[in-house]
Structures are given as C-alpha cells and as structure tokens.
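Only one structure is covered here, and it is reproduced in the block below.
All of the numbers you see were taken from the coordinates with simple rules; none came from a lab. If you're wondering where the values come from, they're calculated on a predicted model, not measured in any experiment. No Cβ is skipped: glycine too gets one built from the backbone with ideal geometry, and neighbour counts run over all protein chains shown.
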Amino acid sequence: MTDTAPLPPFAAIVVAAGKGLRAGGDVPKQFCQWRGRALIAHSVAALRDAGAEPLLVVIAQGAEDDAHQALAGIEGYRLVTGGATRRQSVRAGLEALDAAGAPDRVLIHDAARPDLPRAVIERLCDALESHEGAIPVLPVVDSLAIASDVGTMKGAARREDLRRVQTPQAFRTSAILAAHRAWNEKRDAGDDAQVLAASSGSVALVEGDERLAKITFANDLKETDKVPAFRIGQGYDVHRLAEGEELWLGGVRIDHSHGLAGHSDADVVLHSITDALLGAIGDGDIGTHFPPSDPQWAGARSGRFVEHAVRLVREAGFALSNLDCTIICEAPKIGPHRAAMRAEIARLTGLDEGAVSIKATTTERLGFTGRGEGIAAQAIVSLHSNR
C-alpha cells in the first residue's frame with residue numbers, strides 16, 4: 001500500500017452558479033450527467049476526498065434542490081448563493097469562508113472541470129508555501145495569430161510566452177479575499193488569478209493536466225470519441241507475515257499460524273485488485289484514497305476498498321469485465337480456499353464467478369515469499385465502456 005502524505009489544511013469553493021446553456025438543453029450543465037453522475041459531483045467528491053474543509057458550492061438563487069440532488073451521497077459540503085457574475089459568486093464564497101473562520105489556503109474550482117487529479121491539488125498546495133497564489137497551466141502548442149477587426153491576420157503572438165490556464169486556482173485565503181474586496185465592481189475578471197495579480201499578488205504557475213479539460217458544449221458531455229472502448233489495469237501488493245495477526249486473503253479469513261501485518265486487514269489480494277481497478281481509470285492508488293496515516297482505516301476490511309474502486313470505475317463510464325489474480329506464497333495452501341475467495345470477490349465487484357480467476361504459485365523457496373516472510377499478490381483487470 002502506498003502512503004500519501006496528508007495535505008495542509010485547505011478550504012475549497014466550487015463555482016456552479018452559471019446557466020451553462022451552451023451545453024444544450026434546459027438544465028444547467030453542472031447538473032447534467034457525465035460518466036454516470038452529475039457533472040458537479042465529480043470535482044466536489046475529488047476535493048472532499050483530498051481533505052477540503054470547509055467545502056462550499058456556490059449556486060444560483062433557487063437552485064438548492066437541484067444541487068442537493070446532484071450531490072446526493074456526498075457529505076460535508078455547504079451551499080452558498082452566488083451573484084450575477086463568476087467573480088461576484090467567488091466573492092460570495094470567500095465572504096462565507098471568512099465568516100466561518102477558514103484555513104489559510106483556499107482552492108477555487110469551476111464545476112465544469114470534473115476530472116480533477118489529486119496530483120494537481122498537491123502541486124498547488126506546495127506552491128502556496130512561497131507564493132500568495134498558484135494556478136495550473138499547460139503550454140500552448142499551436143501557432144497563434146492576432147486577428148484584425150475585419151477578420152484578417154495582423155500579427156503573431158509568441159506561444160512560448162503564453163499558457164493555457166485551468167482551475168482549481170489556489171490562494172492564501174486572506175490575500176485573495178482582500179484582492180476581491182479591492183476590485184473595481186464596474187469591471188469583471190476572467191479568473192481569480194487576475195484579481196490577485198491586480199493587487200500585486202505573486203501567482204505561481206504549476207503543471208496542469210489535460211484531464212482538467214473544461215466541459216462547454218453538448219459534445220463535451222457525450223465524450224463519445226474520447227473514451228476508449230476498454231482499459232486494462234494491474235496492481236501489486238505485499239505484506240509481511242507476523243504472529244498474532246489474522247490472515248485475510250480475498251476477503252476470506254484463513255486459519256494459519258501467522259497473519260499479514262498492516263494498517264488495515266492487510267489483505268494483499270483485495271489490495272492488488274483495488275490498485276488494478278484504480279490504475280485502469282488513472283485515479284491514483286489505494287494509498288491515495290485510503291492513506292495508512294488515517295486512523296479510520298486501522299483494521300478496516302479491505303472489501304470496502306474494492307467496493308469504493310468499483311464505484312469509481314462505474315462513475316468513470318466503465319464496467320468491470322473480468323479480473324485475474326495470482327497469490328504468491330509458500331503457505332498456506334490456497335486451493336482449499338479458492339472457491340470461497342472467488343465467491344467473495346464476485347460479490348464485491350458484481351462480476352459472475354466465471355469472470356474471477358484466482359491462482360497461486362510459489363517462488364521455489366526463493367526470496368521473502370519463499371522464506372515464508374510475507375505474501376504477495378498481483379492482479380490484472382479489464383474494463384469496458386458502459387456508455
């Protein structure tokens with residue numbers, strides 16, 4: 001299991017007060033379905049999982065019922081009514097944070113960017129150690145032309161000097177709030193980094209991610225041509241054997257002289273399956289979602305980790321086709337327990353037992369598994385698109 005260092009305390013504001021009608025239809029795009037759940041729910045869940053507290057969602061007046069329905073199953077958020085412009089909505093969120101006594105860092109994110117990698121959040125938080133603000137950016141790869149009023153080219157811009165700006169944007173809370181309060185209300189701003197820069201705040205540029213693409217039009221919601229028909233993921237885990245521990249493999253408790261030591265129940269089979277599922281959708285690893293530094297996972301049954309990963313697979317627009325896991329150990333014998341493991345893994349994943357393969361091998365007494373010091377497991381999964 002990979003340990004992920006906890007992030008410093010930070011608040012988050014998700015801006016979702018716009019009409020979003022360019023995506024088509026009568027429903028604002030932030031409440032439309034994307035990869036199995038409402039668009040807004042993806043980024044709110046990602047920020048919640050990363051530890052955002054408080055977590056504010058800024059919505060249009062009268063949109064409370066739609067927002068609660070879109071965020072069903074997500075806990076710990078608070079709704080705030082926004083303003084007529086994005087900047088006014090962000091200001092409303094910042095004032096609400098200030099009234100609640102917010103931490104020193106805040107991330108401001110657009111609900112229209114649902115695929116939010118934790119690595120971007122980490123880079124932004126790191127940059128705030130030495131800057132008042134930080135924004136994720138990507139390079140401009142195309143040549144750029146400056147257009148005239150009559151639709152002809154009147155010049156060229158140096159793409160080396162330009163960057164594509166994404167959200168979330170991270171700030172020292174006091175600095176961005178002061179900048180918004182000092183902003184000329186007769187003007188609007190393209191984003192919050194411009195507001196801070198206008199107050200002479202230092203804004204760092206960190207590496208963004210293509211996954212943070214903005215959903216703007218109806219075809220963006222469909223993503224028919226962007227999602228492959230299938231994906232494959234692999235996972236590997238190992239834990240040491242110790243006296244006085246229970247031995248759990250594949251969700252089945254096995255009587256043995258030694259058990260596997262770890263923060264949870266140390267079930268290497270279910271851990272490797274969890275990592276394979278997360279790897280197939282590019283969503284970190286088991287340590288990202290269930291860090292061993294978090295005491296709530298002490299002694300936890302690993303079936304919860306698998307069920308969490310299966311849910312994320314479904315929300316990403318995929319379904320599990322089959323899985324294959326190899327257990328590497330000298331003892332105990334796996335054969336007598338194989339059927340029970342297949343049945344439990346099928347239950348956790350929703351697969352037919354015929355799509356679950358459990359194998360076992362030894363290392364001919366070589367290495368730590370050969371010496372009986374630990375047990376390892378390797379899993380491979382395949383997914384298919386469910387759209």
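General remarks:
- Most positive-pole-ward Cα, Ala218, Ser174, Gln194, against dipole of region 140-218 from beta carbon charges: Ser174
- Centroid-to-centroid, using Cα positions, region 166-181 and region 319-363 are 50 Å apart.
- Residues within the reach of a label modelled at Ala343 (point 7 angstrom out along Cα to beta-carbon, backbone nitrogen below 18 Å), restricted to region 243-273, are 248-255.
- Lys pairs under 28 Å by Cα in the chain, provided they are eight or more residues apart or on distinct chains: 13
- Residue separation of Thr362 and Arg78 scaled by 0.36 nm, minus their Cα-Cα distance, works out to 97.0 nm of gained length.
- Debye, to nearest 20: dipole size of region 11-222, +1 on Lys, Arg Cβ, -1 on Asp, Glu Cβ: 480
- Semi-axes of the equivalent ellipsoid for region 11-222, Cα gyration tensor, largest first, Å: 26, 22, 18
- Förster-model FRET efficiency, 30 Å R0, Ala157 and Thr85, C-beta, rounded to 0.05: 0.65
- Extension gain (nm, one decimal) between Ile146 and Leu7, 0.36 nm per residue minus Cα-Cα: 45.9 nm
- Integer Hz, Karplus 6.51/-1.76/1.60 couplings in order for region 195-203, x for Gly and Pro: 5, 5, 4, 5, 9, 6, x, 8, 10
- Maximal additional length on extending the Arg211-Ser130 stretch stands at 26.5 nm, based on 0.36 nm per residue less the C-alpha distance.
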